[in-house]
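Below is one structure, written out as structure tokens, with a few remarks after it.
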Amino acid sequence: MQLARRPRRAGFMGLTPLIDMIFLLLLFFLLGSDFVTYGQSRLAPPRGTGGATSAAPPVVITLGANGALNWNGAPIDTAFLRRETAKLTAQNDEQIMVLMPAGAANVQQVTDIMDALQGAGAQSITLERDVFDIDLADF
Amino acid sequence: MQLKNTRREMKSIDLLPLINVVFLLILFVLIAGRPSTNHPSGLEVARSTVQSEHEGAALSIWLKQDDGFYLSDIKPVTLSEVSDLVVEKGIAAQGLPLELIADRRATAKQLLAFRRAMAAAGVGEIRLKTELKSDATP
């Protein structure tokens, strides 16, 4: 007996699971990815702890909690800081810049000043405590 | 009079353009993004305008907004504990740098205390992690 062959229907591939998976992948990568670019500011060792030595005397920059800046004791603004740092580092690229932030200043303020110094060409920046913050119990 | 058959034919939506676009989106995210960092929740890294290369360090320490130092997200550690770990791991002996991931709202007092404690432990270079501002100059 010959059976009649049914003609096969062209198989239709369901696209819905594929689309679901692609959307899930997209969500995973969107949530798991980070688009922020990170960098690093390098802090040289403090003076007297085996850090770099410089032929030129270090420049002491103090930063107040209110953002006030002093250059070797004299009040300055950021433009002066950039200009004078660029002048000094052009003469001596090993010039040590000592940044003395007030204890109440925040990390962002310190980073801003370090940015200004680095932008002006300073390569050796150290952090020291502001003389007014020194705890006598340390001695 | 014969009326026209008004029954609409079912039209299938062409899904290929949609799939193409979604694949392109995945490619964009894969290329432009990178795996997210494991910063503890709420930590906001200081913003910087100077573009610099971010390099790995032997040990990363977090300084959170509460002025506490953390090695994990659970409990704060003291600076002497960090110093002991640095000595134990031989970081200072090998001259390896440390990375400090500091919250921008933390106080400079803690930053200075960390710098001095690590210098006493023999660590030379400390790298302060920063986040590049969008208007930064290369």
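Quick notes on this structure:
- Counting Cβ atoms of other protein chains within 10 Å of each Cβ in A:14-26 and taking the mean gives 3.
- Protection-proxy order for peptides B:99-109, B:45-55, A:92-102, each taking the mean of Cβ atoms within 10 Å per residue, highest first: B:99-109, A:92-102, B:45-55
- Debye, to nearest 20: dipole size of segment A:59-133, +1 on Lys, Arg Cβ, -1 on Asp, Glu Cβ: 140 debye
- B:Leu59 long-range amide H proximity, modeled H, under 5 Å: B:Glu99
- When peptides B:59-71, B:118-130 are sorted by average Cβ neighbour count within 10 Å, with the highest value leading, the order is B:118-130, B:59-71.
- Scanning residues 5 or more positions from A:Ile96 or on other chains, those with amide H under 5 Å from its amide H are A:Val59, with H placed 1.01 Å from N in the peptide plane.
- Across every direction, the projection of the convex hull enclosing the Cα atoms of segment A:59-133 has a mean area of 4.3 nm².
- Here segment B:46-137 is treated as an ellipsoid with the same Cα gyration tensor; its semi-axes, largest first and in whole Å, are 22, 16, 11.
- Other protein chain C-beta atoms within 10 Å of residue C-beta, averaged over A:111-119: 5.
- Close amide H contacts of B:Val77 (hydrogens built in the peptide plane, cut-off under 5 Å, sequence separation of 5 or more or a different chain): B:Phe69, B:Tyr70, B:Leu71.
- Under Karplus coefficients 6.51, -1.76 and 1.60, residue-wise ³J(HN,Hα) of segment A:97-107 in Hz, glycine/proline x: 10, 9, 9, 10, x, 5, x, 7, 5, 9, 4
No value in this document is a laboratory result; all are computed from the given coordinates. Fair warning: this is a prediction, and the values are worked out from it, not measured in the lab. All Cβ positions, glycine included, derive from the backbone under ideal geometry; neighbour counts span all protein chains shown.
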